[in-house]
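Everything on this sheet refers to the single structure shown next.
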Amino acid sequence: ERCEACAGSSDRILSPRALLGRAFSGVLAARAVAWLLLWGAAGLACLPVTAFDTSGTHAGIRATCSEIILRQEVLKDGFHRELLIKVKFGESIEDLQTCRLLLRQYIPTGLFVDPYELASLQERNITEAMMVSENFNIEAPNYLSKESEVLIYVRQDSQCIDCFQAFLPVHYRYHRPHSKDGETFIVVNNPELLMYCDQEFPILKCWAQSEVTAACALNSKDICQWNNMKYKSVYKNVTLQAPVGLTIHTSLVCSVTLLITILCSTLILVAVFKYGHFSL
C-alpha cells in the first residue's frame, strides 16, 4: 500500500533537476521580456519628432515668416465712395524693391466702377486700375448687372516704409424698391493679393498659394506669372449700406415726377415763344 501511495504521488512530486530546469527557463523568459522592453523604449527615443507630427515642420517654417496684413476700408459718404486698400509687409522694403503687387478686386452687383473715370485717374497718375469684365454697363440697375472684376496695380505708400496702398472709386447702382425696409446692404469681399518678384524671397515660399497669369504692368503687353499670396485681413469684408425706395411710395413718386415734368416743359415752351425770334 505504501508503495502504491508513493507511486501515485510521483506524478505530483518533481525531482530537484526538474525544479532547477523550470527556474532557469523562468529567468530566461524574464530576461527576454526585459530586453524587449528596453529595445522598444530605445527605438521610440530615437524616432524623430516628425514621425509623430509631420505638420509641425510646416508650422515651424511659417512661424519664421513675417505676416502680410491687408486692410480694406471705405472712404467718403453718399452714393460715391472710395475703396482704400493697404498692404503691410513685415520684411524691410529694401528686400522687396524688385517686387510688384497687384490686387484682383471683385465688384458686387450693387456697385459699379466707371472705366472712363479710371482712365482719367490714370492720366493724372493717381491710380492704376483697369476693368477686366467685358460688356460692362454702368447704367444698369443692380438686378440686371453682373459681378465685375478690376485689376489694381498697387503703389508704395510714402508714409509707411513697409506698406503699399491703392484706392478705387466705386458708385452705387439703382436697386429695386423694398416693401418694408428702406435700405439694403452691399458686401465687398477682400481682394486677391498677387505678387511678382524678379528674384526669390522667403516670403514667396511661405505664403504663395498658386500662380496667376496677368499683365506685368498696366499698359504693358508682357505677361507675368503672379503668385497668389495668402494674407491676414484686418476685416473679413466691407459692408456698405445703401438707401432704397419703398413700394408704397410708387404712385406718389410717379405722380409728382409727371407733374414736375409737365410744368417744366410748359415753362420752357412759354419762354421759347415769348423770347424766341422766329423768321418766316
Can you pull out the strands (runs of 3 or more DSSP E) entirely within region 207-280 that have at least 1 residues that are without any contact (Cβ under 8 Å) to a residue 40 or more places away in the chain? 208-215, 223-229
Write out, first by first residue and then by second, each pair whose Cβ atoms fall under 9 Å of each other, whose residues are 6+ apart or on separate chains, and whose first residue, in region 110-128, is at negative phi while the second is assigned to a helix (DSSP H, G or I) and open to solvent by 50 Å² or more (accessible area, probe 1.4 Å). Glu128/Gln122
Take region 187-206 and flag every residue that is surrounded by 14 or more Cβ atoms within 10 Å (Cβ to Cβ), out of contact with any helix residue (DSSP H, G or I) (no Cβ under 9 Å at 6 or more places or on another chain) and not in a strand (DSSP E or B). Asn190, Pro191, Leu204
Could you grab me the full set of residues in region 240-250 that are open to solvent by 80 Å² or more (accessible area, probe 1.4 Å) and either under 33 Å from the mean Cα position of the chain (by Cα) or of a type in the set (D, E, K, R) (or both)? Gln241
Out of region 141-169, which residues are small (Gly, Ala, Ser) and closer than 20 Å to Cys216 by Cα? Ala166
Some residue of region 173-186 being among the charged types (D, E, K, R), over 23 Å from the mean Cα position of the chain (by Cα) and more than 18 Å from Val244 (Cβ to Cβ): no
Test set (1) surrounded by 13 or more Cβ atoms within 10 Å (Cβ to Cβ); (2) out of contact with any helix residue (DSSP H, G or I) (no Cβ under 8 Å at 6 or more places or on another chain); (3) among the acidic types (Asp, Glu) - Asp162 fails condition number: (2)
Residues satisfying the stated conditions in region 165-186, i.e. open to solvent by 20 Å² or more (accessible area, probe 1.4 Å) and either outside any strand (DSSP E or B) or closer than 30 Å to Cys224 by Cα (or both): Gln165, Phe167, Tyr174, His175, Arg176, Pro177, Ser179, Lys180, Asp181, Gly182
Exactly one of (1) under 25 Å from Ser233 (Cβ atoms); (2) charged (D, E, K, R); (3) not in a strand (DSSP E or B) is unmet by Glu117. Its number? (1)
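The values are calculated or read from the model by the stated rules, or taken from the named source; none is laboratory data. A quick note: this is a predicted structure, and the numbers were derived from the prediction, not measured. All Cβ positions, glycine included, derive from the backbone under ideal geometry; neighbour counts span all protein chains shown. Ligands, DNA and RNA are stripped out before the accessible areas are found, and what is left, the full protein with its side chains, is counted by its heavy atoms. Shrake-Rupley method; radii C 1.70, N 1.55, O 1.52, S 1.80 Å.
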